[in-house]
Amino acid sequence: MKQFTLLFTLFAAFAITAVAQTEGEEGNEATKPTIWLLESNDQNYTELQYFTVATDADRLEMSGRGKAQLVSVNTGAALTMDGYPIGYSMALLQTPTAIKAVGQWKVVIPEGYYTLTKEDVSYPSPAYEVVFNIAPLEDFKIVSITPENGSTLASLEKIMLVFNYPPMDCYDVLKVVNSTGDSVCDVRAYNYDEEGNWYSGWLTMRLELSDTIVEKGSYYIHIPDSTFKKQADQITPIPEMRLMFHVDGSQSTGILPVVNQTVSNAIFDITGRKVEMITTPGLYIINGKKRYIK
């Protein structure tokens, strides 16, 4: 009788645990992990063979359920894709050969192809589709520079570059030099904004100077060949180029004049940027007057 009671207790405990796990697997919609496919976002590429899958799950595993495919939107032709994990929450999909045919192609990931684990609860990955474009070959180039190359400025702090293809991350440290060839400060490149969000379409790269330049003079940034490469093939570089900017010295004090300031107690830092709240000591412009805040 004791053995029966023990077995019954163990069975009941197992059943309760199983029910709890089942309910957890159904999950709260707000906590379910999501999945997205990089290397696409309806952008144009000359060719593609590898696709990075990323999630906000804690862990991603191959489940072996179904087959990932690459389907031609133009003809319906399909290729089976092999996938394998490359990290705790990332995986790689690979086509048998590089796709070069001009047109639209769609990556299809069936439901349950991956198992996503978040907060110790496992979920089958949802069905997922994304379309990208194979376009005719174009030169990889910068299509716009802000501020404009050769322009005269009150100060120089950052330059925005827009490409015709998404550029690769750039880990090179560039230099700003003055007209006599002396190094003034470093320059680093970022393809995400100050809040950590990718720029729209991944086409934009921000050059951030290590110091804001306010002293009058001409300044140059030399960008060597291959500093930026096209993300689609990781090979095609932009050619060597040289950016030139003239600072007119009108902001040599580091303080922008406040003109027609009608907002009571408006606060600006020494570079002239509006500050909502003072959190660090320093020199500020408050309601049009310079004040040092301890």
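The values are calculated or read from the model by the stated rules, or taken from the named source; none is laboratory data. Treat the numbers as computed from the prediction; the structure is a model and nothing was measured. Because the Cβ atoms are built from the backbone with ideal geometry, glycine has one as well, and the counts that use them run over all protein chains shown.
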Check your understanding: What number of residues within segment 82-128 satisfy the criterion of being of a type in the set (Gly, Ala, Ser), under 15 Å from Phe51 (Cα atoms) and out of contact with any Leu (no Cβ under 6 Å at 6 or more places or on another chain)?
Key -> 2
Exercise for review: Would you confirm whether any residue within segment 210-232 is at pLDDT 90 or above and at positive phi?
Suggested key: yes
Exercise for review: Take segment 171-193 and flag every residue that is surrounded by fewer than 19 Cβ atoms within 10 Å (Cβ to Cβ), in a loop (DSSP other than H, G, I, E, B) and not hydroxyl-bearing (Ser, Thr, Tyr).
Suggested key: Asp172, Val173, Gly181, Asp182, Asp193
Check your understanding: Within segment 69-81, is even one residue under 12 Å from Tyr114 (Cα atoms) and modelled with pLDDT of 90 or more?
Key -> no
Review point. So Val162 fits all but one of (1) in the same structural domain as His222 (by TED's automatic domain parsing); (2) in contact (Cβ under 8 Å) with a residue 60 or more places away in the chain; (3) surrounded by 15 or more Cβ atoms within 10 Å (Cβ to Cβ); what number is the exception?
Key: (2)
Exercise for review: Could you tell me whether segment 140-155 includes any residue that is out of contact with any strand residue (DSSP E or B) (no Cβ under 7 Å at 6 or more places or on another chain), under 23 Å from Trp105 (Cβ atoms) and surrounded by fewer than 17 Cβ atoms within 10 Å (Cβ to Cβ)?
Suggested key: no
**Study point:** Failed item in (1) of a type in the set (A, V, I, L, M, F, W, C); (2) surrounded by 18 or more Cβ atoms within 10 Å (Cβ to Cβ); (3) not in a loop (DSSP other than H, G, I, E, B), with Ala98 passing the rest
**Key:** (2)
Revision key, fill the gap. Taking segment 239-268 and keeping only residues that are surrounded by 15 or more Cβ atoms within 10 Å (Cβ to Cβ) and modelled with pLDDT of 90 or more, one is left with Met241, Leu243, Phe245, His246, Val247
Study note, to complete from the structure: In segment 122-156, residues that are in a strand (DSSP E or B) and not acidic (Asp, Glu) total 17
Exercise for review: Please tell me if Val121 is surrounded by fewer than 18 Cβ atoms within 10 Å (Cβ to Cβ) and assigned by TED's automatic domain parsing to the domain that holds Val53.
Suggested key: no
Revision key, fill the gap. Scanning segment 82-92 residue by residue, those aliphatic (A, V, I, L, M) and at pLDDT 90 or above turn out to be Met90, Ala91, Leu92
Check your understanding: Hey, does segment 78-90 have a residue that's charged (D, E, K, R) and surrounded by 14 or more Cβ atoms within 10 Å (Cβ to Cβ)?
Key -> no
Point to revise | Any pair with Cβ under 7 angstrom, 6 or more apart, that starts in segment 175-193 at a residue that is farther than 14 Å from Glu157 by Cα and ends at one that is in a loop (DSSP other than H, G, I, E, B) | key: Asn191/Asp169; Asn191/Tyr199; Tyr192/Tyr199; Asp193/Tyr199
